[in-house]
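Everything on this sheet refers to the single structure shown next.
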Ligand code: BGC
């Protein structure tokens with residue numbers, strides 16, 4: 001598709017001149033150098049047999065900790081405006097840990113790439129626990145330490161990555177670290193992360209930082225049918241994935257009485273949680289088809305869903321799937337953004353797509369190009385429909401440690417040979433570089 005004459009005849013429409021183009025990664029998935037930081041809950045989890053499908057660990061991963069200069073050169077060659085990476089809390093807790101991010105920020109700025117750090121992307125220090133309220137205050141202290149060191153050069157911040165997935169997969173279903181299977185008893189984990197977010201926003205602002213967002217994962221929920229039981233189950237799933245994490249932030253309230261199930265002085269906490277945001281980050285991968293419970297365990301996208309859940313996830317038929325088995329539905333992105341705009345109106349700040357991408361094998365990754373092309377057009381349709389979208393970040397720069405899937409799923413624009421650490425840009429890397437050049441040329445008029 002990179003040289004596809006049809007694409008040349010129908011270019012992706014122009015995005016605004018100041019639109020922010022970037023790529024994303026996370027610390028635990030790329031850094032390696034695990035012996036040069038304190039352990040995280042993910043180190044403990046991967047050490048347990050059977051937790052990670054290929055039995056691998058992230059001890060070395062992409063060895064980015066030692067190869068950051070090469071990776072910054074790849075970012076600069078790609079021509080992105082910004083790089084979203086995460087700061088590892090266990091590394092910051094270790095002597096000299098902040099030095100690494102200090103150097104990385106300088107290198108990025110010298111390469112003309114804006115650093116956009118995420119303060120938490122799931123690698124909680126092993127001695128902490130989101131079931132405990134105190135973890136939220138500890139997070140704010142850590143945020144202060146990071147902004148104290150980097151705040152003179154970092155101008156855009158993300159507090160948390162996907163508290164929904166960290167709650168659901170890590171604490172309700174147990175397929176991610178820390179491997180707890182608490183089902184609905186995991187709700188305090190959501191509340192404490194949201195509180196941590198609010199306290200961190202306050203800490204960042206107190207240190208003079210502005211331009212703060214969060215990266216929440218969201219997607220349309222499609223009912224399996226118009227039967228009342230399916231509609232009810234889909235609405236419930238929509239609460240769990242979307243509203244439970246968006247509404248405390250945007251509206252200062254929990255949906256559907258869920259606040260009553262949360263620990264602590266919830267109404268006081270909601271004031272902190274709803275500290276106004278400068279922008280709202282959305283990670284979008286696919287919609288979910290949801291129906292009434294089927295009374296059996298269901299395997300979906302590598303996850304076993306217990307029979308006792310009040311919904312069941314179904315296949316979306318008639319669409320392509322990635323190598324991970326995830327449906328490819330670009331129009332879901334337009335639908336998600338217009339739904340959020342309609343639901344939250346002017347309570348929704350400008351949006352940035354903080355992750356969007358797909359796992360495919362191979363260097364000539366035409367399927368990834370088609371995925372990105374389709375999603376950029378879908379994003380543009382949301383702009384045309386009046387949604388205030390300000391940026392788009394591809395997940396991910398590099399093939400990396402894909403959590404419970406190990407190294408089996410490749411999301412990178414750049415291929416990584418994990419035996420030699422050789423980086424090889426894929427066809428999608430060249431395609432995106434050319435698209436960004438074309439976008440800038442059109443923006444210049
Ligand atoms: C996460 C990433 C992950 C990606 C693909 C997102 O949910 O933020 O860490 O690699 O999805 O699964």
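Bear in mind that the values in this text are calculations on the coordinates, not laboratory data. This structure is a prediction, so every number in the text was calculated from the model and none was measured. Cβ sites come from the backbone with ideal geometry, for glycine too, and all protein chains shown count toward neighbours.
Between residue 54 and residue 225, take the C-beta separation as r, use R0 = 45 Å, and let me know the FRET efficiency to the nearest 0.05.
Values: r = 37 Å, r/R0 = 0.83.
Computed FRET efficiency for residue 54 and residue 225 comes out at 0.75.
Using only Cα atoms, locate the centre of the range 242-312 and the centre of the range 207-225, then give the distance between them in Å, rounded to an integer.
Centre-to-centre distance over Cα atoms comes out at 11 Å.
Averaging the inverse of every distinct alpha carbon separation and then flipping it gives the Kirkwood radius. What is it for the range 1-158, in angstrom units? Intermediate results must be reported in sequence, preceding the final value.
Details: mean 1/r = 0.0576 Å⁻¹.
One decimal place: 17.4 Å for the Kirkwood radius.
Would you kindly compute the Cα radius of gyration of the range 231-369 and its largest Cα-Cα separation (Dmax), both in Å?
That works out to 17.4, 54 Å for Rg and Dmax.
FRET efficiency for residue 73 and residue 268, Cβ-Cβ distance as r, R0 = 60 Å, nearest 0.05?
Values: r = 48 Å, r/R0 = 0.80.
In this case the efficiency is close to 0.80.
Among DSSP bridges having both ends in the range 1-155, what percentage is antiparallel? Round to the nearest 5. Mind dumping the intermediate values first?
Values: 1 of 9 bridges.
Around 10 percent antiparallel, to the nearest 5.
Can you tell me the length gained on complete extension of the stretch residue 317 to residue 235, counting 0.36 nm per residue apart and subtracting the Cα distance?
Details: separation 82, 0.36 × 82 = 29.52 nm, distance 2.02 nm.
Between residue 317 and residue 235, full extension yields 27.5 nm more.
Under the definition of Cα pairs under 8 Å and six or more residues apart, what whole-number percent is the relative contact order of the range 5-444? Mind showing how you got there, number by number?
Working: 894 pairs, mean separation 79.7, N = 440.
Dividing the mean separation by the residue count of the range 5-444 yields 18 percent.
Sort 237-249, 172-184 by packing, meaning the average of other beta carbons within 10 Å per residue, with the highest value first.
Result, highest mean Cβ count within 10 Å first: 237-249, 172-184.
Residue separation times 0.36 nm, minus the C-alpha to C-alpha distance between residue 331 and residue 363: what's the value? Provide the component values of the computation, followed by the final result.
Values: separation 32, 0.36 × 32 = 11.52 nm, distance 2.62 nm.
Computed gain between residue 331 and residue 363 is 8.9 nm.
Quick one: length gained pulling residue 206 to residue 35 fully straight, 0.36 nm per residue minus the C-alpha distance?
Working: separation 171, 0.36 × 171 = 61.56 nm, distance 3.32 nm.
Roughly 58.2 nm would be gained on extension.
Could you sort the peptides 50-58, 308-316 by per-residue average Cβ neighbour count (10 Å cutoff), highest mean leading? Each step should come with its number before you reach the end.
Working: 50-58: 16.0, 308-316: 17.8.
Per-residue Cβ counts within 10 Å, averaged per peptide and sorted highest first, yield 308-316, 50-58.
Please compute one quarter of the surface area of the Cα convex hull for the range 194-309 and express it in square nanometres. Don't jump to the answer; show the numbers that get you there.
Details: hull surface 34.5 nm².
Averaging across all directions leaves 8.6 nm² for the Cα convex hull.
Could you pull the Cα extents of the range 5-444 along its three principal axes, largest to smallest, in whole Å?
53, 49, 46
The range 315-386: percent of C-alpha pairs farther apart than 15 Å?
On the way: 1507 of 2556 pairs.
In whole percent, the long-distance tail amounts to 59.
Write down the percent of antiparallel bridges among all DSSP beta bridges whose residues are both part of the chain, to the nearest 5.
Numbers: 12 of 44 bridges.
Rounded to the nearest five, the antiparallel share is 25 percent.
Cα centroid distance between the range 116-165 and the range 378-438, in Å?
24
Work out how far the C-alpha atoms of the range 365-445 reach from end to end along every principal axis, then list the three figures in whole Å, largest first.
The principal-axis extents, from largest down, are 45, 27, 20 Å.
Counting only the backbone N, which residues of the range 212-238 are under 17 Å from the spot 7 Å out from the Cα of residue 261 toward its beta-carbon?
Label zone hits: 232-238.
Ignoring solvent entirely, what values of log10 I(q)/I(0) come out of the Debye formula for the range 347-396 at 0.19, 0.24, 0.26, 0.33 Å⁻¹ when each Cα is a single scatterer?
Reported log10 I(q)/I(0), two decimals: -0.67, -0.91, -1.00, -1.28.
So if we plug the beta-carbon distance of residue 343 and residue 443 into 1/(1 + (r/R0)^6) with R0 = 25 Å, what FRET efficiency do we get, rounded to 0.05?
Numbers: r = 31 Å, r/R0 = 1.23.
The formula returns an efficiency of 0.20 here.
No solvent, one uniform scatterer per C-alpha: report log10 I(q)/I(0) for the range 42-88 via the Debye equation at q = 0.31 1/Å, two decimals.
Log10 of I(q)/I(0), two decimals: -1.14.
Going highest first, how would you order 21-33, 128-140 by mean Cβ packing within 10 Å?
Ranking the peptides 21-33, 128-140 by packing returns 21-33, 128-140.
Using label points projected 7 Å from each Cα along Cα→Cβ, tell me how many nm separate residue 418 and residue 44, to one decimal.
Placing both labels 7 Å along Cα→Cβ, they lie 2.3 nm apart.
At what distance in nm do the modelled label points of residue 253 and residue 110 sit from each other, each positioned 7 Å from its Cα along Cα→Cβ?
5.3
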